[in-house]
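I have placed the structure first, in the form of structure tokens, so that the comments after it can refer back to it.
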Amino acid sequence: MELRVVVEEPWTVGADALVVPILGEPAFEGALAELDRRSGGELSNLAAFGELSGKRYATALAAPGELPVKRVVAVGAGPAAEVDRETVRCLAAAGLRRLAGRRVDRLAVWCGPLVGALGGDAATVAELVTRGIVEGGYDPKRLYRDDVESAPPRLAELVLVVPDGDAAALAAAAERGRIVGEGANLARDLANRSAAELPPEGLAEEARSIAARYGLAVDVIDEGRAAELGMNLFLAVGRGSDNPPRLIVLRSGAPEARDAQGRLLALLGKGVCFDSGGISIKPADRMEEMKMDKAGAATVIAAAATLARLAPGLPFLVLAPAVENMPGPHSTRPGDVVRALNGKWVDITNTDAEGRLILGDALTYAERLGATHLVDVATLTGAVGRMLGHLVTGGFGTPQAWYDAVAAAARRAGERLWQIPLVDDYRADMDSWYGDFTNAGAPEGGLVKSGLFLKEFVTVPWVHLDIGGTAYFRKATPYAPRGATGVTHATLVELALEGAPARADRSA
Ligand code: BES
Ligand code: ZN
Ligand code: MN
């Protein structure tokens with residue numbers, strides 16, 4: 001896809017289709033009035049008819065009149081005062097998806113109203129619109145065939161139409177949006193692909209090829225080395241499957257290197273390639289979704305690729321413990337007591353609380369590799385989805401300043417995050433008769449306890465992002481199809497890029 005930024009009036013740009021954002025109740029004044037006039041009143045007619053509105057992500061196709069396009073796509077942005085970065089990204093995606101099944105080679109997006117809504121920050125609009133178009137073009141059905149009916153069009157060219165500014169600088173911002181969007185789509189591919197296609201070794205192979213392509217160091221720890229190291233939590237989950245576990249480690253930069261903030265950031269992702277629950281087996285209903293229990297691993301592996309493209313040489317670590325959680329004669333049993341890599345004894349009372357087990361050892365190992373700051377991403381609980389739904393990721397962390405840094409990165413990335421408290425007093429509910437604690441205590445406050453469990457394995461600043469509700473959509477939205485969303489990929493990229501040498505083109 002070619003990217004072009006033009007400083008022009010929106011009615012002069014030739015394209016197959018023109019996306020026009022509608023902020024709030026459509027007021028036909030300024031540029032929108034001129035577009036309406038040139039469309040022969042089509043836009044205002046559709047508004048009067050009730051087909052075109054400013055409702056968030058509502059779309060309408062309009063005939064172009066004398067405009068040099070085949071269709072105008074009006075996309076509602078919601079009330080102007082509520083337009084934020086997420087709105088800009090999703091609006092662009094919704095505009096593209098409204099054209100599903102159509103032949104569109106060149107798409108133009110009128111960015112003027114969005115730049116106004118984001119306080120004149122045209123670079124951010126260029127980045128987020130491009131990212132939204134790239135992410136909006138994703139269709140999981142394309143994993144299995146190329147000729148998908150009614151899929152979003154594959155563009156040859158995207159033209160961003162802006163009212164003023166430096167087109168070259170805006171094109172650079174758009175290019176970054178493209179790279180971040182492609183990273184999110186890579187994360188979605190890895191999460192969406194079936195457990196048969198991507199067992200732990202398959203995921204490791206994907207990581208190796210990304211490492212080779214972008215010059216990252218890769219180390220894949222197999223079950224033999226994991227046993228020598230003492231990663232018994234990790235091994236306890238993997239042992240029930242014929243597909244052996246793999247701890248995937250990617251490194252950018254020299255071993256002792258720190259980023260511009262003095263950090264060695266480690267991004268960790270839960271890679272449960274399939275979560276049957278193990279001996280504590282899950283009900284059959286929706287069990288197929290548990291191939292996406294590797295979404296955290298998919299996200300951090302994709303983030304490594306994105307960071308290598310945007311900031312080659314930036315020091316960071318990625319760790320993705322990959323396992324299949326299966327019942328079988330070799331499986332861990334409820335009641336097995338296992339010594340973690342950090343020496344703590346864990347009483348595994350529920351084999352379905354497996355994500356925290358593999359992450360526990362991975363967090364310890366990340367610190368051994370020199371990580372000074374940790375962020376893990378995991379489809380850790382069903383509870384977070386019951387609390388926050390599919391649009392808000394649950395966050396935990398300590399100290400508060402590090403959580404705040406991650407939350408600020410999420411805001412910049414246009415991703416929603418809400419903090420859940422780590423109430424230490426609940427830790428007593430996880431006491432074990434035999435070990436230091438159990439992996440699943442009384443269910444009350446289970447979401448908080450999942451965070452408290454992970455906290456037992458960290459001694460440096462750490463944030464845990466529970467994407468159990470947000471990692472995949474069960475229903476399509478105007479801006480995204482069903483399946484994996486790639487959520488938190490952009491947040492992690494924003495966070496890591498804070499450690500890249502000064503980026504003059506970047507605003508807070
Ligand atoms: N992978 C699941 C959590 C999950 C469930 C994510 C549904 C997305 C959709 C996780 O391994 C799990 O099974 N968690 C248990 C924990 C419980 C046994 C303490 C849960 O949430 O029920
Ligand atoms: Zn799981
Ligand atoms: Mn589970």
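Values for this structure:
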{"read-out": "Percent antiparallel among DSSP beta bridges (both partners in the chain, rounded to 5)", "value": "40 percent"}
{"read-out": "Geometric extent, Cα atoms of region 2-187 - Rg, Dmax (angstrom)", "value": "15.2, 46"}
{"read-out": "Simple label model, 7 Å out from Cα along Cβ direction - D242 to E9, nm", "value": "6.9 nm"}
{"read-out": "Whichever lysines have a C-alpha closer than 25 Å to that of K291, once near sequence neighbours (fewer than 8 apart) are set aside", "value": "K141, K270, K282, K449, K475"}
{"read-out": "For region 218-497, convex hull of alpha carbons as volume per residue, Å³", "value": "121 Å³"}
{"read-out": "25 °C / 0.890 mPa s Stokes-Einstein diffusion coefficient of region 263-408, Kirkwood radius on C-alpha pairs, µm²/s", "value": "149 µm²/s"}
{"read-out": "Most to least packed among 64-75, 249-260 [average Cβ atoms within 10 Å]", "value": "64-75, 249-260"}
{"read-out": "Alpha-carbon centroids, region 312-334 and region 263-284: separation in whole Å", "value": "7 Å"}
{"read-out": "Ascending count of other beta-carbon atoms within 10 Å, so fewest first, for R368, R208, R103", "value": "R103, R368, R208"}
{"read-out": "Quarter of Cα convex hull surface for region 456-499, i.e. mean projection, nm²", "value": "4.5 nm²"}
{"read-out": "All-pairs Cα distance distribution in the chain, expressed in whole percent, bin size 20 Å", "value": "24, 52, 22, 3"}
{"read-out": "For region 131-152 and region 174-190, distance of Cα centres in Å", "value": "13 Å"}
{"read-out": "Whole-angstrom gap from region 412-427 to region 1-50, using each part's C-alpha centre", "value": "41 Å"}
{"read-out": "Ellipticity estimate at 222 nm from DSSP helix runs (n ≥ 4, -39,500 (n - 2.57)) divided over the chain, nearest 500", "value": "-10500 deg cm²/dmol"}
{"read-out": "R333-A48 FRET efficiency (beta carbon distance; Förster radius 51 Å; 0.05 resolution)", "value": "0.15"}
{"read-out": "In degrees, nearest ten, helix 167-192 long axis to first principal axis of the chain (Cα)", "value": "40 degrees"}
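Taken together, the values in this text are just the output of simple stated rules run on the coordinates, not laboratory data. Source: prediction; values computed, not measured. As a convention, Cβ positions derive from the backbone with ideal geometry for all residues, glycine included, and neighbour counts pool all protein chains shown.
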